[in-house]
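The next block holds one structure in the form of structure tokens; read it before the comments.
The values are calculated or read from the model by the stated rules, or taken from the named source; none is laboratory data. Just so it is clear, the model here is predicted, and its values are computed rather than measured. Glycine gets a Cβ as well: all are built from the backbone with ideal geometry, and neighbour counts include every protein chain shown.
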Amino acid sequence: MLSYRHAFHAGNFADVLKHSVLTLVLEYMTRKEKGFYYIDSHSGAGMYSLEDEYAQKTGEYKDGIAKLIDLQNIPDELSPYIELIKSLNSEKELNIYPGSPAIAKYFDRRQDSAHLFELHPTDIQHLSEFCHRWNKSHVSQSDGYQGVLGLLPPPNRRGVVLIDPPYELKEDYKKAVNTIIKAYKKFATGTYILWYPVVKRELVEKMQKQFIDSDVKNLLQVEYCQEADTEEYGMTGTGLFIVNPPWQLQSQLHKNLPYIKEQLGNNQSHYLISQLIDE
Ligand SMILES: C[S@@+](CC[C@H](N)C(=O)[O-])C[C@H]1O[C@@H](n2cnc3c(N)ncnc32)[C@H](O)[C@@H]1O
């Protein structure tokens with residue numbers, strides 16, 4: 001089943017959380033000279049127009065990035081993400097939004113490489129075009145779960161893996177965590193970021209339990225919910241599990257999450273920052 005298109009959702013509140021964290025993680029990785037692998041199991045199209053019919057149909061970015069982009073009092077910890085988005089747009093208008101591959105490209109140095117998986121026949125075309133002149137990118141129209149495992153450990157033993165499935169299939173919840181558990185056995189020092197939607201709380205709790213029952217250590221969980229939990233309508237919140245986060249990420253999140261809640265949220269909104277498994 002491949003009906004999910006990220007173009008409908010680009011720049012929404014879930015992207016704000018996911019991409020602001022990805023930005024902080026990649027910025028941290030580039031502080032050391034030694035190169036690293038960036039592996040994106042579910043890459044999407046690479047870059048999105050907020051003017052096209054998809055983004056305009058849902059208007060989700062209007063409740064996400066559009067509410068933040070022009071603010072003057074952005075916390076220092078959220079600025080790298082906002083500056084990245086600004087660098088792609090003119091001063092006057094917000095019309096482009098980066099997908100995770102575009103965020104990785106922004107940080108790319110000649111010693112790094114990006115390994116991008118995508119299955120959708122249209123999005124793989126967009127992604128390939130986006131990566132056309134990016135020498136150190138490798139795009140593959142194949143299953144990202146298997147792709148991640150095939151690349152680990154990276155030759156220089158430094159890597160960031162983003163696992164960002166569409167969760168069209170309920171099995172994605174279990175499979176995504178299992179992939180990290182298997183990947184961790186091959187490469188325990190890598191940084192892994194797993195995105196999830198809050199649709200049914202029970203499914204998130206099962207993911208937490210799967211991690212707790214595994215050998216994975218040093219796991220941070222961050223969650224931002226726009227609304228109180230309910231199963232009556234779709235995604236009410238979003239979260240990330242981060243294995244081996246940069247040491248200062250937790251304190252950066254303590255600055256960013258209250259701000260995101262204040263700017264995007266309402267009186268039902270809430271967040272969580274929790275070291276689920278210690279080092
Ligand atoms: C949530 S989107 C990715 C968004 C992207 N990571 C970003 O942050 O900009 C999920 C993508 O996974 C693709 N996909 C679904 N199943 C896949 C699989 N098994 N392997 C690789 N890609 C897959 C979908 O076509 C979709 O484009």
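A few comments on the model shown:
- Where Thr189 falls short, out of the listed (1) β-branched (Val, Ile, Thr); (2) more than 25 Å from His270 (Cβ to Cβ); (3) within 16 Å of the ligand (Cβ to nearest atom): (3)
- Answer residue from the range 156-176, given it is at pLDDT 95 or above and under 23 Å from Tyr28 (Cα atoms) and is farthest from the ligand (Cβ to nearest atom) among those: Arg157
- Close pairs from the range 53-72: first assigned to a helix (DSSP H, G or I), partner crowded, with 16+ Cβ neighbours inside 10 Å and among the acidic types (Asp, Glu), Cβ under 9 Å, at least 6 apart: Glu60/Asp15; Tyr61/Asp15; Ile65/Asp15
- Residue within the range 12-25 that is more than 15 Å from the chain's Cα centre (by Cα) and either within 29 Å of Pro258 (Cβ to Cβ) or of a type in the set (Ser, Thr, Tyr) (or both) present: no
- Looking across the range 202-224, the residues that are farther than 19 Å from Glu171 by Cα and either of a type in the set (Gly, Ala, Ser) or in contact with a helix residue (DSSP H, G or I) (Cβ under 9 Å, 6 or more places away or on another chain) (or both) come down to Asp215, Val216, Lys217, Leu219, Leu220, Gln221, Val222, Glu223, Tyr224.
Conditions (1) exposed (fewer than 13 other Cβ atoms within 10 Å of the Cβ); (2) out of contact with any Ser or Thr (no Cβ under 8 Å at 6 or more places or on another chain); (3) not in a strand (DSSP E or B), marked per residue:
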site: Glu93; (1), (2), (3): yes, yes, yes
site: Tyr106; (1), (2), (3): no, no, yes
site: Thr122; (1), (2), (3): yes, yes, yes
site: Leu127; (1), (2), (3): no, no, yes
site: Val148; (1), (2), (3): no, no, yes
site: Val160; (1), (2), (3): no, no, no
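- Taking the criterion of being modelled with pLDDT of 95 or more and within 13 Å of the ligand (Cβ to nearest atom), the residues of the range 31-59 that qualify are Tyr38, Ile39, Asp40, Ser41, His42, Ser43, Gly44, Ala45, Gly46, Met47, Tyr48.
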